[in-house]
Amino acid sequence: MKLTLKIWRQKNSQDKGKMVEYKLNDVSADMSFLEMLDVLNEELTLKGEDPVAFDHDCREGICGMCSLYINGKPHGPKQTTTCQLHMRSFNDGDTIYIEPWRAKAFPVVKDLAVDRGAFDRIIQAGGYISVNTGVTVDANEIPIAKEIADKAFDAATCIGCGACVAACKNASAMLFVSAKVSQFTLLPQGKAERKRRVEAMVEQMDEEGFGACTNTGACAAECPKEISLENIARLNREYLFAKLTSNNV
Amino acid sequence: MTLDAKIPEGPLSEKWSKHKFNLKLVNPANKRKYDIIVVGTGLAGASAAASLAELGYNVKVFCFQDSPRRAHSIAAQGGINAAKNYQNDGDSIYRLFYDTVKGGDYRAREANVHRLAEVSVNIIDQCVAQGVPFAREYGGLLSNRSFGGAQVSRTFYARGQTGQQLLLGAYSALSRQVATGKVKLYTRTEMLDLVLVDGKARGIVTRNMVTGAIESHSAHAVLLCTGGYGNVFFLSTNAMGSNVTATWRAHKKGAYFGNPCFTQIHPTCIPVSGAHQSKLTLMSESLRNDGRVWVPREKEDAEKIRKGTLKANDLSEEKRYYFLEERYPSFGNLVPRDVASRNAKLVCDDQLGVNSEGQAVYLDFRDAIKRDGEDTIRAKYGNLFDMYQQITDENPYKVPMKIYPAVHYTMGGLWVDYNLMTTVPGCYALGEANFSDHGANRLGASALMQGLADGYFVIPYTIGDYLANMPATKVDASHPEFKKAEEEVKQRINTLLSINGQKTVDEYHKELGKIMWDYCGMARNEKGLQFAKQRIAEIKAEFWKNVKVTGNNEEFNQSLEKALRVADFIELGALMVEDALQRKESCGGHFREEYQTEDGEAQRDDNNFAHVAAWEYKGDDQPEVLHQEKLVFENVKLTQRSYK
Ligand SMILES: Cc1cc2nc3c(=O)[nH]c(=O)nc-3n(C[C@H](O)[C@H](O)[C@H](O)COP(=O)(O)OP(=O)(O)OC[C@H]3O[C@@H](n4cnc5c(N)ncnc54)[C@H](O)[C@@H]3O)c2cc1C
Ligand code: SF4
Ligand code: FES
């Protein structure tokens, strides 16, 4: 198929950036979206032009590195990651708009690549269980009901891609933060630190400049891992509980 | 230099405990005087960095992704082995040890493998304590599944996302140490050289991938946890960025490279769909628990299927050739990977392949769905089935999956002694980056185990022994050796940027990959390898004259990143071929067509090749020198591996 691409080009974080148009003539329906961009980049390189920078690594929908805003939707028209999107989701003659995640807390590095270091710093603030290597009990001494383990797992599948932030008109990171808070709140191992954890993570989230959550649910609708809004409700409860019973006792 | 593996004396099961006792310790107050560089944040790197920081060392951690959580370990699907014997099915540390040595076709060190089996049980405890949500039974206890090459259920898993959950566990431990200040994190930073001062590894030179800044970092020891080199084949199941640069650079600074030709070709991957293909997707081996592998018995039927005039589901039972079940009745679909892959290749060579290219076999869940119901199968493999459907546009609940082998893992890597130290003092290699525990073939679910064993439970002990013997004085990063290495790196970059030739980096990478796959892949022979050797030399010469790398160094430049990596892959490819030529036997994933038994199985030559091949770099235009570490088997008897 033939495609017209309108791609955000921005040399670095200081540059203003603009949309640039490219034509591709020979795109197969079996290609992944990123393979389509590979083809474009090969063409640009041979012409001596600067190829389009974009983040990607696993191309299996699990590392969370790919991050394109395609036709006004994070990760494009399907509820998957960009690397798992295939060209059969588009039609011959389509014009496709490709932009980076847009959020104050995710500055553009170049073209379509952004800096999501803010997510790492939120995890550093409290997204862990404090246990040193080797200081543990036998794994089966902590039985966990299957339903609980499954729920914790569902929350833990977040890949940290940032689509939730890109989807939200306030650029809120609530879905991401709530997924981690939920995983550890649900599990017995995480209970001891639950108050400190939720407070610290929310505080860091605010400090990074993410917006407030107004419960529109755009995040969950676009999340490639189907992280549910239930997690945000749980985070709110946990946060309130922590504040009401403060001093961390 | 003679290779000393430093294997401790004493009975197998006591070696590790005795060794731990004999190792020197760095006292707690002194630990903070030592700096350790950890390159890589996969299971090996993240677990090592977190554990060392907890002990009090100052750690600097590097990765090329934008976050440590994205290391390639995240993609592991199926599970992690541990000899917990929670199923009471006769598993034990000794059995895991035995299975691993046998699965590796007797080309691994007994002492290392036994240690691995010993600490495997601690890994599960550690991960559960961190909140890793492993699969559980209704009673609340941990669930297990079985994997290829084993007859017990010892694999722990988290749906089809085990690597993700384990890595997020290690990443959380690492993040906690970043918050304490004991770990300093450098993301989007690529190591481009190892720096030696007075013969010891004292630091690295890196490139900041956002600004292009070339920088030096000094330390008392350097840990390379940089993963495998499967991407030398261009197409593999590895992440796009996985590369050999860190270990290759260390190799050129004196670290011997162990068994470079030992690569694992995984039997269950989604077949290639066209020339645009950028990587291959693995369908976890766990699928072989319930899926049955087959092709049509008759060429005519296969031909019709390839043309689309016959559908798989319309082929009656007796016209289906369940080749693994028939050839290997006792292991059936669960034979080890090398055996499963080679058999898939053989039936496709016999023109029984089932996709348009004739390079695919079926993995069929019809019978399992009939037996257990679709819901049960969905609960076990739902995300894998979804992924398959997304990529191929076919519904595996209704029609059999099509699969074909693909490059997946590299058993070879930097040679290390029992303490995980390379032949460069102070430079260690952990995880897939070293050659150590899997011999000529790795069993499924054992790489995650090894990465975490190395990082959580081995290096925190063994590194102390080295540091305790070393003064805490620091080397400044402005030392002439660092400056020299920086200059070399800058020169390499400038050369690449100034060639301005006619072909892109990807074109060279694909060319190299095809040579490697055709002549140094699932089956190898003298003639093909000689041809590959010559072609790789030509590709190398052409690359440095005709590659086109756009842009400049002082920016985010993905074209340059790739060029630096591919340049190293080309050199590694040559060494892999050399190693495959020299190993005149078949073992595990290394199948030399000249050496096979009457029924087509790998024919080892234990008299001449029961050794690790460790290669020493001697200079760009010199042949590498081969050193051998003899493998001594005191506990297992070397037999012809049989899964019949
Ligand atoms: C699709 C897939 C599925 C798998 N499934 C399983 C499974 O079910 N069970 C199992 O046991 N094994 C499995 N494996 C194998 C296993 O995942 C890997 O062997 C293992 O995760 C490797 O871990 P690692 O820590 O050694 O390296 P990696 O996870 O590859 O990490 C490498 C790290 O090094 C960094 N790095 C590399 N080079 C540089 C450089 N030059 N400068 C700076 N940083 C650098 C990277 O940024 C990264 O952080 C699977 C592999 C694949 C490909
Ligand atoms: S919650 Fe969903 S969208 Fe947000 S980072 Fe996690 S996986 Fe991505
Ligand atoms: S590239 Fe890893 S999730 Fe898309």
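Residues in region A:226-242 carry Karplus couplings, in order, of 6, 5, 8, 5, 3, 5, 5, 4, 5, 4, 4, 4, 4, 5, 4, 4, 5 Hz; the curve used is 6.51 cos²θ - 1.76 cosθ + 1.60 with θ = phi - 60°, and Gly or Pro positions show x. Entry note, chain B: the mean residue ellipticity at 222 nm calculated from DSSP H runs of n ≥ 4, each adding -39500 (n - 2.57), is -12000 deg cm²/dmol after division by the residues and rounding to the nearest 500.
The calculated FRET efficiency for the pair A:Asp26 and B:Glu542, based on their C-beta separation and a Förster distance of 22 Å, comes to about 0.25.
The charge dipole of the protein assembly as shown, taken about its Cα centre with unit charges on the Cβ of Lys, Arg, Asp and Glu (plus for the first two, minus for the last two), comes to roughly 1640 debye.
Against the main long axis of the alpha-carbon atoms of chain A, helix A:194-207 sits at an angle near 30°. Per-residue Karplus couplings for region A:22-31, computed as 6.51 cos²θ - 1.76 cosθ + 1.60 with θ equal to phi - 60°, are listed in order as 9, 10, 10, 9, 10, 9, 9, 5, 7, 5 Hz, Gly and Pro entered as x. Work out the FRET efficiency for B:Met470 and B:Thr495 from their Cβ-Cβ distance, taking R0 = 35 Å, and round it to the nearest 0.05. The pair B:Met470/B:Thr495 has a calculated efficiency of 0.45. Peptide A:147-160 has a mean shielding of 5, counted as Cβ atoms of other protein chains within 10 Å of each residue's Cβ. Within straight-line reach of B:Lys319, meaning a Cα separation under 20 Å, sit the following lysines at least 8 residues removed in sequence or on another chain: B:Lys299, B:Lys304, B:Lys307, B:Lys311, B:Lys345, B:Lys370, B:Lys398, B:Lys402. Using only Cα atoms, find the angle between the long axis of helix B:162-180 and the longest principal axis of chain B, and express it within 0 to 90 degrees, rounded to the nearest 10. Approximately 20 degrees, to the nearest 10.
Pairing chains B and A buries close to 6200 square angstrom of accessible surface in total, based on protein heavy atoms and a 1.4 angstrom probe. Any idea what angle helix B:93-103 forms with the longest principal axis of chain B, computed on alpha-carbon atoms, 0 to 90 degrees, nearest 10? Between the helix axis and the principal axis of chain B, the angle is about 70 degrees. Among B:Tyr461, B:Tyr466, the order of accessible area from largest down is B:Tyr461, B:Tyr466, computed with a 1.4 Å probe on protein heavy atoms. When the dipole is taken about the Cα centre of chain A, and only Lys, Arg (+1) and Asp, Glu (-1) are charged at their Cβ, what size is it in debye, to the nearest 20? Here chain A has a charge dipole of around 820 debye.
Surface exposure of chain B, expressed per residue as accessible area with a 1.4 Å probe, stands at 33 Å². For chain A, a Gaussian network of Cα nodes joined below 10 Å ranks A:Val27, A:Val177, A:Val114 by mean-square fluctuation, and the top entry is A:Val27. Listed by chain and number, the lysines placed with their C-alpha closer than 17 angstrom to that of A:Lys16 are A:Lys6, A:Lys104, A:Lys110; residues fewer than eight positions away on the same chain are left out.
Here B:Lys618 is the anchor, and the lysines within straight C-alpha reach of less than 17 Å, apart from those fewer than 8 places off in the same chain, are B:Lys252, B:Lys253. Rounded to the nearest 20 debye, the dipole magnitude of region A:1-70 is 460 debye, with +1 charges on Lys and Arg beta carbons, -1 on Asp and Glu beta carbons, and the Cα centre as origin. So if we plug the beta-carbon distance of B:Arg371 and B:Tyr397 into 1/(1 + (r/R0)^6) with R0 = 22 Å, what FRET efficiency do we get, rounded to 0.05? The calculated FRET efficiency here is 0.95. Taking label points 7 Å from Cα along the Cα-to-Cβ direction, B:Lys299 and A:Lys16 give a separation of 6.8 nm. Remark: the Cα gyration tensor places chain B in the prolate category, a/c being 1.5 or greater and a/b exceeding b/c. Across peptide B:550-559, the average count of Cβ atoms from other chains found within 10 Å of a residue's Cβ is 5. Burial of accessible area (probe 1.4 Å, heavy atoms of protein chains only) in region B:152-177, relative to its chain alone, reaches at least 20 Å² for B:Arg159, B:Gln161, B:Gln164, B:Gln165, B:Leu168, B:Tyr171, B:Ser172, B:Ser175, B:Arg176. Rounded if a/c is under 1.5, else prolate if a/b beats b/c, else oblate: with a ≥ b ≥ c from the C-alpha gyration tensor eigenvalues square-rooted, which is the protein assembly as shown? Since a/c stays below 1.5, the shape of the protein assembly as shown is classed as rounded. Accessible surface for A:Arg116 stands near 10 Å², nearest 10, in the context of the full protein assembly shown (1.4 Å probe).
Of B:Ser17, B:Ser341, the residue with the largest accessible area leads and the full order is B:Ser17, B:Ser341 (1.4 Å probe).
Mean sequence separation of contacting Cα pairs (under 8 Å, at least six apart), scaled by the length of chain A, corresponds to a relative contact order of 19 percent.
Heavy-atom accessible area with a 1.4 Å probe sorts B:Asp621, B:Asp338, A:Asp92, B:Asp349, largest first, into B:Asp621, A:Asp92, B:Asp349, B:Asp338.
Relative contact order for region B:1-63: 30 percent, from Cα pairs under 8 Å spaced at least 6 residues apart, divided by residue count.
The relative contact order of chain B comes to 20 percent, based on Cα pairs under 8 Å that sit 6 or more residues apart. Among A:Leu5, B:Leu626, B:Thr410, whose Cα projects farthest towards the positive end of the dipole of the protein assembly as shown, with charges put on the beta-carbon of Lys, Arg (+1) and Asp, Glu (-1)? The Cα lying farthest towards the positive end belongs to A:Leu5. Of the whole protein surface, A:Met65 contributes about 10 Å² of accessible area at a 1.4 Å probe radius.
Given their separation in residues at 0.36 nm each and the Cα-Cα distance between them, B:Lys527 and B:Asn22 gain 176.8 nm when the chain is fully extended.
In the protein assembly as shown, carbon and sulfur make up what percent of the accessible area (probe 1.4 Å)?
Here carbon and sulfur together make up 49 percent of the probe-accessible area.
The values are calculated or read from the model by the stated rules, or taken from the named source; none is laboratory data. Because the structure is predicted, anything quoted here is derived from the model rather than measured. Backbone-built Cβ (ideal geometry, glycine too); neighbour counts: all protein chains shown. Calculation scope for accessible area: heavy atoms of the full protein, side chains included, ligands and nucleic acids excluded. Shrake-Rupley method; radii C 1.70, N 1.55, O 1.52, S 1.80 Å.
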